[in-house]
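Visitor: Before I ask anything, here is the structure I am working with.
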C-alpha cells in the first residue's frame, strides 16, 4: 500500500540528545507544520514533545506529538537518530554491531508499511548505518542517505575561517569519505571567494601550507572526540546539520551537500556508502557531483571506501 506524502510533515525516530536537539532546531526554522517523535521509550518521546510544545507560543504554529510507526508513514522525511551513543575512547566504527542490530528492528517497520518518503540517517556510524538502511529497506539510494560529512565539512570551514580570520561562509571546501577517522579534506578543490585556498592563505600571510593543512585536518578529525571528552556527547552541531539537509529537501533547494550515499561507479567506486557532494532536493539525492580530486585524494577516498566496505561485510551487508 502506498502512502500519500505530506510535504509539511517530518518524523524523528530516536529521542536521545541528537534526536531532541534536531527536533528543536527544525521547529525553530518553521520548515514543517507537523512533527512526530518516535522512541522505544514512549515516555521520552512524549516528554520531548511536551517540552517543545510549551514554548510554541514563541514560534510558528506546529503540531508536535509522540507517535508510532503507523503515524509517520506520510512524513516527507523520516530522520533516524536512534542508536547507542559514542563513548569516550570509542570510534564511530566501534558502534557498528550494536547499532546495526537496532536498525534491524527499525527499518523493516518503516519499509514494511510501504513508506514513500525520504529516510535521512543520522545515527553513527552513519555511513555503515545508511548502507544497512538502504539494503534493509530496498529503497532507491536517492531516498536513503545519511548526514555524512555535513558536520565535518562545517567544522573544516569554521576552523579555516578562524585560521584565516575570514568569514567561514565565504569558504568553499569539503570533507569526503567516511564520517570518521578515514575522512578526507579535499584541499585541491578548496576556495575562498573563488580564490584557490593556498593563494588566499598567502594573501593572508600564511605560507606553510603542508603543516597548516595537516593540523587543520587533524583538528577536524579530533573534534568529536574532544567534545565527547569534555561534555560526553555531541548534538548541537549535528542538529543544525540535520536542519540544513531537511531545508534542502522540503524547499527543493538543489543544494550541494556532502552526504552519505551508496556509490555505483562514481569516483571509480562501487558497493560502498560514504560521503561525496550531491545535489539534494525534494526527491532526495538528485545527482552526485563529480568534483575534482588530486591523486593523493583519490587514493585516500578508495582507502576509506575499502574500510567501510569491509566493515559492512563483517556484519553481513
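The values are calculated or read from the model by the stated rules, or taken from the named source; none is laboratory data. Since this is a predicted model, take the numbers as computed values, not measurements. All Cβ positions, even for glycine, are placed from backbone atoms using ideal geometry, and neighbour counts span all protein chains on display.
Visitor: Considering only region 174-183, I want to know if a residue exists there that is farther than 27 Å from residue 316 by Cβ and either surrounded by fewer than 17 Cβ atoms within 10 Å (Cβ to Cβ) or in contact with a helix residue (DSSP H, G or I) (Cβ under 9 Å, 6 or more places away or on another chain) (or both).
Guide: Scanning region 174-183, I find at least one residue that is farther than 27 Å from residue 316 by Cβ and either surrounded by fewer than 17 Cβ atoms within 10 Å (Cβ to Cβ) or in contact with a helix residue (DSSP H, G or I) (Cβ under 9 Å, 6 or more places away or on another chain) (or both), so the answer is yes.
Visitor: Only one of these is at pLDDT 95 or above and either touching a helix residue (DSSP H, G or I) at 6+ places or on another chain (Cβ under 7 Å) or not assigned by TED's automatic domain parsing to the domain that holds residue 19 (or both): 164, 197, 151. Name it.
Guide: Only one candidate passes the filter, namely 151.
For every residue, the table says whether it meets (1) part of a helix (DSSP H, G or I); (2) touching a strand residue (DSSP E or B) at 6+ places or on another chain (Cβ under 6 Å).
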| site | (1), (2) |
| --- | --- |
| 4 | no, no |
| 43 | yes, no |
| 50 | yes, no |
| 82 | no, yes |
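Visitor: Here's something else I'd like to know. Report whether or not residue 94 is at pLDDT 95 or above, outside any loop (DSSP other than H, G, I, E, B) and more than 17 Å from residue 235 (Cα to Cα).
Guide: Against the criterion (at pLDDT 95 or above, outside any loop (DSSP other than H, G, I, E, B) and more than 17 Å from residue 235 (Cα to Cα)), residue 94 does not qualify.
Visitor: If you don't mind, another one. Quick test of your reading of the structure: residue 256 fulfils all but one of (1) surrounded by 15 or more Cβ atoms within 10 Å (Cβ to Cβ); (2) in contact (Cβ under 8 Å) with a residue 40 or more places away in the chain; (3) touching a strand residue (DSSP E or B) at 6+ places or on another chain (Cβ under 6 Å). Name the failing condition by number.
Guide: Every condition holds for residue 256 apart from (2).
Visitor: Right, another one. Suppose we filter region 53-80 for residues that are assigned to a helix (DSSP H, G or I) and surrounded by 19 or more Cβ atoms within 10 Å (Cβ to Cβ); how many remain?
Guide: Summing the residues that are assigned to a helix (DSSP H, G or I) and surrounded by 19 or more Cβ atoms within 10 Å (Cβ to Cβ) in region 53-80 gives 0.
Visitor: Are any residues in region 289-317 part of a loop (DSSP other than H, G, I, E, B) and either buried (at least 18 other Cβ atoms within 10 Å of the Cβ) or touching a residue at least 60 places away in the same chain (Cβ under 8 Å) (or both), and if so, which ones?
Guide: Residues satisfying the conditions are 291, 292, 293, 294, 315, 317.
Visitor: Does residue 263 meet the test of being more than 15 Å from the chain's Cα centre (by Cα), crowded, with 17+ Cβ neighbours inside 10 Å, modelled with pLDDT of 95 or more and over 17 Å from residue 181 (Cα atoms)?
Guide: Considered against the rule, which asks whether it is more than 15 Å from the chain's Cα centre (by Cα), crowded, with 17+ Cβ neighbours inside 10 Å, modelled with pLDDT of 95 or more and over 17 Å from residue 181 (Cα atoms), residue 263 comes out as yes.
Visitor: Please determine, by comparing only the residues of region 108-124 that are assigned to a loop (DSSP other than H, G, I, E, B) and closer than 19 Å to residue 12 by Cβ, which one is modelled with the lowest pLDDT.
Guide: Of the residues in region 108-124, the ones assigned to a loop (DSSP other than H, G, I, E, B) are 112-117, 122-124.
Applying the additional criterion that residues be closer than 19 Å to residue 12 by Cβ yields 113, 115-117, 122-124.
Values: 113: 94, 115: 96, 116: 96, 117: 97, 122: 97, 123: 94, 124: 90.
Residue satisfying both the conditions and the ranking: 124.
Visitor: Here's another thing I want to ask about it. Could you please let me know if residue 105 is in a helix (DSSP H, G or I) and in contact with a strand residue (DSSP E or B) (Cβ under 7 Å, 6 or more places away or on another chain)?
Guide: No, not satisfied.
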